[in-house]
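The values are calculated or read from the model by the stated rules, or taken from the named source; none is laboratory data. Being a predicted model, the structure only gives us computed values, none of them experimental. Every residue, glycine among them, receives a Cβ derived from its backbone with ideal geometry; neighbour counts consider all protein chains shown.
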Amino acid sequence: MRYAIYATPSADHALTRAATRWLGRDAFTGEDHPLPALNGFSGGTIEAYLADPARYGFHGTLKAPFTLADGQSETALIESLDAFAAAARPVTVPELVVRRLGRFFALVPNERVEALDALAGRIVAEFEPFRAPLSDADIARRRTAGLTLDEETNLIRWGYPYVFDAFRYHMSLTGRVPKDDAEAMETELKRHFADFDGRPYVLDRLAIFIEPERGAPFQVHHVALLRGDAG
């Protein structure tokens, strides 16, 4: 089993519902839903483009999937997350936008948000004792992306290339989309997420997602509200 610490809207948040309709899967319930009918895309094509984010569930990565280290337990992880969240403040993203990142699309802050970057960095570092070292196979898989020297260093030290200075908060909406389909995909995404594109977004909770076995869909296992300064 692997665990991950992700940011996610609540199960009943309008953005979660929109993402569930888009991806065809609800990570809170594990239920599958019909994929959207998109102009210019056949059923098989859209399934391929959405398969990866659907498996992981709608989220923003803060601590990438990891196996528990020897001597650690799920109970301790949950207790630590609850304590962390109780002291951490919610983060407001002034403008969340649909954007293409390389070959995939995601919802991202229009500009970097210092408080969000700081929150992610703290989570990476403070929950590192829970992470078992990566296997050789996991390291090799990550390296296929073509890492910079700093990303390679992050991979070995923290188990994920895109942390600290390399971190860019994003909530994936597609897997890799070929250049020929990119314009049509962006049009459909902006239509589907029109109520959220260019609007503020408040990150107010963290979640532990679990992957019961390698390759299985990730599920929301535990949610902790950010309550720093509350009351």
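For region 159-179, filtering for residues that are within 16 Å of Y6 (Cβ to Cβ) and in contact with a Phe, Trp or Tyr (Cβ under 8 Å, 6 or more places away or on another chain) leaves 5. Taking the residues in region 36-63 that are of a type in the set (A, V, I, L, M, F, W, C) and in contact (Cβ under 8 Å) with a residue 40 or more places away in the chain as candidates, determine which candidate is nearest to S10 (Cα to Cα). Taking the candidates together, the pick is F58.
Do any residues in region 125-141 that are more than 12 Å from K63 (Cα to Cα) have Cβ atoms under 9 Å from those of residues that are surrounded by fewer than 11 Cβ atoms within 10 Å (Cβ to Cβ) and not small (G, A, S), where the two are at least six apart or on different chains, and which pairs are they? These pairs meet every condition: A132/D70. Looking across region 89-121, the residues that are of a type in the set (D, E) and free of Cβ contacts under 8 Å to residues at least 24 places away in the same chain come down to E111, E114. Could you tell me whether any residue of region 65-77 is under 24 Å from A19 (Cβ atoms) and either in contact (Cβ under 8 Å) with a residue 40 or more places away in the chain or exposed (fewer than 13 other Cβ atoms within 10 Å of the Cβ) (or both)? Yes, some residue in region 65-77 is under 24 Å from A19 (Cβ atoms) and either in contact (Cβ under 8 Å) with a residue 40 or more places away in the chain or exposed (fewer than 13 other Cβ atoms within 10 Å of the Cβ) (or both). Can you list the strands (runs of 3 or more DSSP E) found entirely within region 38-152 that contain at least 1 residues being in contact with a Ser or Thr (Cβ under 8 Å, 6 or more places away or on another chain)? So the answer is 60-66, 104-109.
Scan region 205-227 for residues that are part of a loop (DSSP other than H, G, I, E, B), surrounded by fewer than 19 Cβ atoms within 10 Å (Cβ to Cβ) and touching a Pro at 6+ places or on another chain (Cβ under 8 Å) and the total you get is 0.
Residues considered: L189, L155. Of these, the only one that is surrounded by 18 or more Cβ atoms within 10 Å (Cβ to Cβ) and free of Cβ contacts under 8 Å to residues at least 60 places away in the same chain is L155. Looking across region 24-43, the residues that are closer than 30 Å to A88 by Cα and either in contact with a Cys (Cβ under 7 Å, 6 or more places away or on another chain) or surrounded by 14 or more Cβ atoms within 10 Å (Cβ to Cβ) (or both) come down to R25, D26, A27, F28.
One residue stands out among those in region 164-177 that are in a loop (DSSP other than H, G, I, E, B) and touching a strand residue (DSSP E or B) at 6+ places or on another chain (Cβ under 8 Å): the one that is nearest to A19 (Cα to Cα), which is L173. Within region 139-156, being touching a helix residue (DSSP H, G or I) at 6+ places or on another chain (Cβ under 9 Å) and over 16 Å from F167 (Cα atoms) holds for I139, R143. Within region 44-63, the set of residues being buried (at least 20 other Cβ atoms within 10 Å of the Cβ) and among the small types (G, A, S) comprises A54, G57, G60.
Answer with yes or no whether A14 is of a type in the set (A, V, I, L, M), in contact with a Leu (Cβ under 9 Å, 6 or more places away or on another chain), touching a residue at least 12 places away in the same chain (Cβ under 8 Å) and more than 19 Å from R227 (Cα to Cα). In short, no.
Exactly one condition in (1) surrounded by fewer than 14 Cβ atoms within 10 Å (Cβ to Cβ); (2) assigned to a helix (DSSP H, G or I); (3) at pLDDT 95 or above; (4) not hydrophobic (A, V, I, L, M, F, W, C) is not met by D180; state its number. It fails just one condition, (3).
In region 192-204, of all residues being loosely packed, with under 15 Cβ neighbours inside 10 Å and either acidic (D, E) or touching a residue at least 24 places away in the same chain (Cβ under 8 Å) (or both), the one that is farthest from R100 (Cα to Cα) corresponds to V202.
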